[in-house]
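Everything on this sheet refers to the single structure shown next.
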């Protein structure tokens, strides 16, 4: 082999070695980059997993804390309102003052210095309805009364609805939530005139749970609706205010001035036959110490009645902020000027356990 051939051979060998070395360096760099990328990805995944775990733990902790928030009510608990100067006594069994004859400005209007009531009628969905528009001077003028000699809400007594309304000296009265209905079997949350009479709500989530919306009326006469509260989930103060009256029936029809469109009837113990034409009634708040009682006619009066969603629409169009459905059917009553204004057939009106009424405070001590 000559010298020229030997040099060429050496050059080719060195070139091959350089190429191999370059390839090895490039592969090492690529592998390093891959490892770094994988490490970064793994680190990101780990961070995300840790964050998720922390968030889940936090959520679980918050959920547990929320679930742990309960409110124990002593049996027969009664609020002390001695610091309030109500126009009328809020003790159960007490009434307002007798409406003055001069207060009846017409067959549909009553007015004195403490209360104004107007009755109007309308027709929608081929059914008549009535609206009692009520403004009072003092929250104690929105009242409740039980049937029976002692006017005790712990009693199961019933009484003629018209007679009960007259005994209350009401300017306007409506039926209540039929709180002692036997089908409830002691279920519900009932406060009347500041005293707790029933605190027996079910625990949500069970197949056997009976669920219903609850309406709370505080000491300033403001309404607060609770969707399907469970046992020990109702506080003794609502926005720092004590509770004068609480009802268990529902559902809530209007909330924050907006129509409630989903009543979740299949999830409630009492779905109020929402898919059936019925005679219905509700109580609503339109503003501070401004209320409305609204009811529609029904089959007992030769009219179809209303589906719950249609009735809720009628109520929402009255411009109320919150509305709560009460016991309808043959319990439905709006009493004014000594008579039942929602239809003339008194014999179809069932006896009642309780009423909600608005009283005059004119001349009260």
Rounded to one decimal in nm, the spacing of the 7 Å Cα→Cβ label points at residue 109 and residue 364 is 2.4
Applying a 10 Å radius around every beta-carbon, put 197-209, 312-324, 132-144 in order of their mean neighbour count, most first.
132-144, 312-324, 197-209
20 Å cut-off, amide nitrogen to a point 7 angstrom out along residue 120 Cα→Cβ, residues in the stretch 310-335:
310-324, 334-335
Full-stretch length increase - residue 258, residue 128 - with 0.36 nm per residue and alpha-carbon distance subtracted
44.5 nm
Given the peptides 254-261, 90-97, arrange them by the average over their residues of other C-beta atoms within 10 Å, most packed first.
90-97, 254-261
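What is the stretch 101-358 by shape, rounded, prolate or oblate, if you read a ≥ b ≥ c off the alpha carbon gyration tensor as root eigenvalues and call it rounded for a/c under 1.5, prolate for a/b larger than b/c, and oblate otherwise?
In terms of gyration-tensor shape, rounded.
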Set the Förster distance to 51 Å, then compute FRET efficiency between residue 82 and residue 348 from the Cβ-Cβ distance, nearest 0.05.
0.70
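Could you work out how much longer the chain between residue 276 and residue 208 gets when fully extended? Use 0.36 nm per residue separation minus the Cα distance between them, nm to one decimal.
22.1 nm
Coordinate-derived values only; no laboratory data. Remember, predicted model here, so these are calculated numbers, not experimental data. Note that we place each Cβ from the backbone using ideal geometry, even for glycine, and neighbour counts take in every protein chain shown.
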